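The values are calculated or read from the model by the stated rules, or taken from the named source; none is laboratory data. For clarity, every value in this text was computed on a predicted model and none was experimentally measured. Methodologically, a virtual Cβ is constructed for each residue, glycine included, from the backbone with ideal geometry; neighbour enumeration extends over all protein chains shown.
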Amino acid sequence: MGNIEISGLTHQYVDTNGQLITAIDNVSLSVSQGRFTSIVGPSGCGKTTLLNIVAGFIPASRGAVLINGKGISGPGPDRGVVFQSYALFDWLTVRENIEFGPRMAGVGAVERSERADRFLGMIGLRQFEHRYPYELSGGMKQRVAIARALANEPEILLMDEPFASLDAQTRELMQEELLKIWEATGKTVLFITHSIDEAIYLSSDVAVMSFRPGRLKQMFNVSLPYPRAEYSIRTDRRFLELKVAIHESVREEIAKQSGTSDEAA
Amino acid sequence: MILWTVVVDSGLISTRFTPTPLEILQEFKVLLEDGYVGSPIYAHIAASLARTLIGFSAAAIVGIPFGLLVGRVRFLEAAFMPWFAFLRPIPAIAFVPLVILWFGIGEFSKISVIFFSSFLYITVSTIAGVKSVPVQIMRAGYSLGALDRKSFLYVILPAALPQIMIGLRLGSAISWTLVVAAELVAAQRGLGYMIMDASTFFRVKDVYVGLILIGIIGFLLETIIATVEARLVHWRGK
């Protein structure tokens with residue numbers, strides 16, 4: 001349950017100049033059940049496009065995304081999504097936001113309430129349950145967004161640079177929070193980020209994508225043990241070695257990014 | 001107010017055309033007691049209000065669902081938007097003779113002028129509201145299981161509500177403003193009628209009373225709607 005199988009995924013579109021742009025090209029990637037996989041790469045490498053296709057927001061031009069062996073036909077409650085911009089429903093309270101998914105699924109009021117209680121407790125925001133999103137800080141909003149996605153009990157969690165809008169300290173705290181939540185719920189996670197540190201800290205695997213057209217350049221396995229709540233893991237030798245290796249791989253792609261303005265597509 | 005009284009009393013402006021505030025107040029008392037042309041003053045106020053509220057409510061009841069639909073269906077939007085853009089700048093007063101031709105001089109004609117103008121504002125604002133829902137919000141809804149009809153009811157509609165309320169506020173303001181225009185269509189009662197009739201017979205003070213009443217009631221209506229808006233869409237702008 002909760003396997004993602006991406007095979008030969010390609011996405012092309014015609015830009016405003018009439019040119020055919022290949023955002024991602026023949027990407028194949030597997031995320032096994034319960035694994036936490038991050039995707040890193042330079043801006044424009046198509047990692048968000050990839051996530052949007054897996055989420056079902058945009059169609060692929062070629063290739064397939066299989067969830068538990070079945071193809072997807074659009075967005076759905078089996079794949080929860082957390083956005084960089086939180087995308088909380090401003091007109092609903094924290095509790096109502098979290099209960100939204102179950103409400104859509106027809107879950108009864110009592111069970112909805114219990115689920116909301118559970119997730120409110122997990123994110124530590126029970127006292128804020130009747131507040132509105134605009135009353136919360138960025139970190140709190142993102143916690144609500146995560147709880148909202150999880151309350152719907154998806155097998156898979158897709159996260160698009162969820163902590164990029166937060167300040168450095170909150171970001172680190174959120175990473176630890178997320179790990180705790182992940183360890184408690186065992187979801188399969190596909191995580192997009194620009195931060196190599198973040199990717200290594202959180203994941204069991206880190207995929208590096210090349211600059212446009214986005215291809216899967218390299219796959220790194222993170223053999224560090226879980227739980228990783230301790231800060232000291234960020235200075236562990238293996239952590240740093242991985243960081244150097246991944247950084248180099250991404251660096252090559254960033255170099256390509258700055259010099260391609262006159263290249264033909 | 002003081003300046004006004006001083007200017008008029010000193011004879012700078014002829015008192016035939018500009019009564020002092022005190023005189024206007026006195027005239028208002030007279031009107032309260034004796035009525036205007038056989039109808040008590042509150043009957044005039046009530047007539048104007050009724051036309052406004054009926055026209056505006058109808059415009060809201062028709063305009064909001066229509067705007068929601070047009071906002072969602074690109075084909076409809078492309079079809080209707082040029083018409084809205086074309087019709088909106090035309091002053092409602094210009095439609096009055098046309099309306100007399102089509103519907104005669106009864107209540108329906110007056111209400112239809114009000115309906116038409118506020119309908120345009122409400123619909124255009126509703127469409128803007130629907131289109132301004134951020135795509136992330138809609139996608140968040142999809143991924144939480146709100147598809148199609150559920151997305152429309154539980155995500156798009158509430159997200160568009162701030163803009164819809166703006167449309168309602170504009171619509172109500174313009175409805176009240178048009179009362180005078182609408183009451184040019186041969187009315188026997190109403191504040192607009194009162195103003196036109198009084199000005200015809202040079203009952204200057206009555207004209208002023210009418211104008212001031214229109215201003216006050218318009219202000220009250222605006223305040224009521226603004227309060228409802230602040231309560232209902234409390235998250236706007238935060």
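Under 8 Å between Cβ atoms, which residue pairs at least 6 apart in sequence (or on different chains) link something in region B:62-90 that is on the phi > 0 side of the Ramachandran plot with a partner that is among the hydroxyl-bearing types (S, T, Y) and exposed (fewer than 11 other Cβ atoms within 10 Å of the Cβ)?
Listed by first residue and then by second, the contacts come to nothing, as the list is empty.
State yes or no: is B:G104 at positive phi and not polar (S, T, N, Q)? Spell out how you get there, then give the answer.
Details: at positive phi: yes; not polar (S, T, N, Q): yes.
For B:G104, the condition - at positive phi and not polar (S, T, N, Q) - is met.
For the structure I just gave you, tell me whether A:L29 is within 30 Å of A:S223 (Cα to Cα), away from chain B (no Cβ under 14 Å) and among the hydrophobic types (A, V, I, L, M, F, W, C). So that I can check it myself, show each step before the final result.
On the way: within 30 Å of A:S223 (Cα to Cα): yes; away from chain B (no Cβ under 14 Å): yes; among the hydrophobic types (A, V, I, L, M, F, W, C): yes.
When the stated conditions are applied, A:L29 passes them.
Report yes if some residue within region A:99-117 is within 12 Å of chain B (Cβ to nearest Cβ) and of a type in the set (F, W, Y); otherwise report no.
Going through region A:99-117, the residues within 12 Å of chain B (Cβ to nearest Cβ) turn out to be A:99-107.
Imposing the further condition that a residue be of a type in the set (F, W, Y) reduces the set to A:100.
Yes, region A:99-117 contains at least one residue that is within 12 Å of chain B (Cβ to nearest Cβ) and of a type in the set (F, W, Y).
Given the criteria more than 10 Å from chain B (Cβ to nearest Cβ), among the hydroxyl-bearing types (S, T, Y) and not in a helix (DSSP H, G or I), does A:T10 qualify? Quick ask: steps written out before the conclusion?
Values: more than 10 Å from chain B (Cβ to nearest Cβ): yes; among the hydroxyl-bearing types (S, T, Y): yes; not in a helix (DSSP H, G or I): yes.
The answer is yes for A:T10.
Tell me which residues, restricted to region B:184-238, are modelled with pLDDT under 80 and closer than 24 Å to B:G167 by Cβ.
B:G237, B:K238
Looking only at region A:106-127, how many residues end up being within 14 Å of A:A149 (Cα to Cα) and touching a helix residue (DSSP H, G or I) at 6+ places or on another chain (Cβ under 7 Å)? Lay out the reasoning, then the answer.
As a first pass, look at region A:106-127 and keep what is within 14 Å of A:A149 (Cα to Cα): A:112, A:115-116, A:118-120, A:122-123.
Imposing the further condition that a residue be touching a helix residue (DSSP H, G or I) at 6+ places or on another chain (Cβ under 7 Å) reduces the set to A:112, A:115-116, A:119-120, A:122-123.
Within region A:106-127, residues that are within 14 Å of A:A149 (Cα to Cα) and touching a helix residue (DSSP H, G or I) at 6+ places or on another chain (Cβ under 7 Å) number 7.
Kindly indicate the residue of region B:159-191 that is in contact with a Ser or Thr (Cβ under 6 Å, 6 or more places away or on another chain) and polar (S, T, N, Q) and also farthest from the other protein chains (Cβ to nearest Cβ) among those meeting that condition. Steps first, answer last, please.
Restricting attention to region B:159-191, the residues satisfying the condition of being in contact with a Ser or Thr (Cβ under 6 Å, 6 or more places away or on another chain) are B:163-164, B:166-167, B:171, B:174-176, B:178-179, B:185, B:189-191.
So of that shortlist, the ones also polar (S, T, N, Q) come out as B:163, B:175.
Values: B:Q163: 13, B:S175: 27 Å.
Across region B:159-191, the extreme among qualifying residues is B:S175.
(1) surrounded by fewer than 24 Cβ atoms within 10 Å (Cβ to Cβ); (2) in contact with a Pro (Cβ under 6 Å, 6 or more places away or on another chain); (3) small (G, A, S): which one isn't true of B:S143, the others all being true?
Exception for B:S143: condition (1).
Can you give me the number of residues within region A:49-63 that are over 22 Å from A:P162 (Cβ atoms) and either at the interface with chain B (Cβ under 7 Å from one of its Cβ atoms) or among the aliphatic types (A, V, I, L, M) (or both)? Let's see the steps before the verdict.
Step one: of region A:49-63, the residues over 22 Å from A:P162 (Cβ atoms) are A:59-63.
Okay, now just the ones that are also either at the interface with chain B (Cβ under 7 Å from one of its Cβ atoms) or among the aliphatic types (A, V, I, L, M) (or both), so A:60.
Looking only at that region, the number is 1.
I'd like the residue in region A:64-98 that is touching a residue at least 40 places away in the same chain (Cβ under 8 Å) and on the phi > 0 side of the Ramachandran plot and, out of all such residues, is nearest to the other protein chains (Cβ to nearest Cβ).
A:A87
List the number of the failed condition for B:V99; all other conditions in (1) assigned to a helix (DSSP H, G or I); (2) modelled with pLDDT of 90 or more hold.
(2)
Within region B:119-158, which residues are more than 18 Å from A:I98 (Cβ to Cβ) and at the interface with chain A (Cβ under 10 Å from one of its Cβ atoms)? Break it down stepwise before answering.
Start the filter on region B:119-158 by keeping residues that are more than 18 Å from A:I98 (Cβ to Cβ), which leaves B:119-135, B:138, B:147-149, B:151-153, B:156-157.
Across region B:119-158, the qualifying residues are B:P134, B:V135, B:M138, B:L147, B:S151, B:L157.
Can you list the helices (runs of 4 or more DSSP H) found entirely within region B:125-236 that contain at least 1 residues being among the charged types (D, E, K, R)?
B:135-143, B:148-151, B:157-177, B:191-200, B:204-232
I'd like the residue in region A:122-163 that is more than 12 Å from every other protein chain (Cβ to nearest Cβ), in contact with a Lys or Arg (Cβ under 8 Å, 6 or more places away or on another chain) and part of a loop (DSSP other than H, G, I, E, B) and, out of all such residues, is surrounded by the fewest Cβ atoms within 10 Å (Cβ to Cβ).
A:H130
From the set of residues in region B:184-233 that are surrounded by fewer than 16 Cβ atoms within 10 Å (Cβ to Cβ) and hydroxyl-bearing (S, T, Y), which is farthest from B:I24 (Cα to Cα)?
That would be B:T227.
Output the residues belonging to region A:39-53 that are surrounded by fewer than 24 Cβ atoms within 10 Å (Cβ to Cβ), more than 12 Å from A:T10 (Cα to Cα) and not small (G, A, S).
A:P42, A:T48, A:L51, A:N52
Yes/no matrix, rows are residues, columns are (1) polar (S, T, N, Q); (2) under 20 Å from B:H234 (Cα atoms); (3) part of a strand (DSSP E or B):
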residue: A:G63; (1), (2), (3): no, no, yes
residue: A:Y86; (1), (2), (3): no, yes, no
residue: A:L92; (1), (2), (3): no, yes, no
residue: A:F100; (1), (2), (3): no, yes, no
residue: A:F119; (1), (2), (3): no, no, no
residue: A:E172; (1), (2), (3): no, no, no
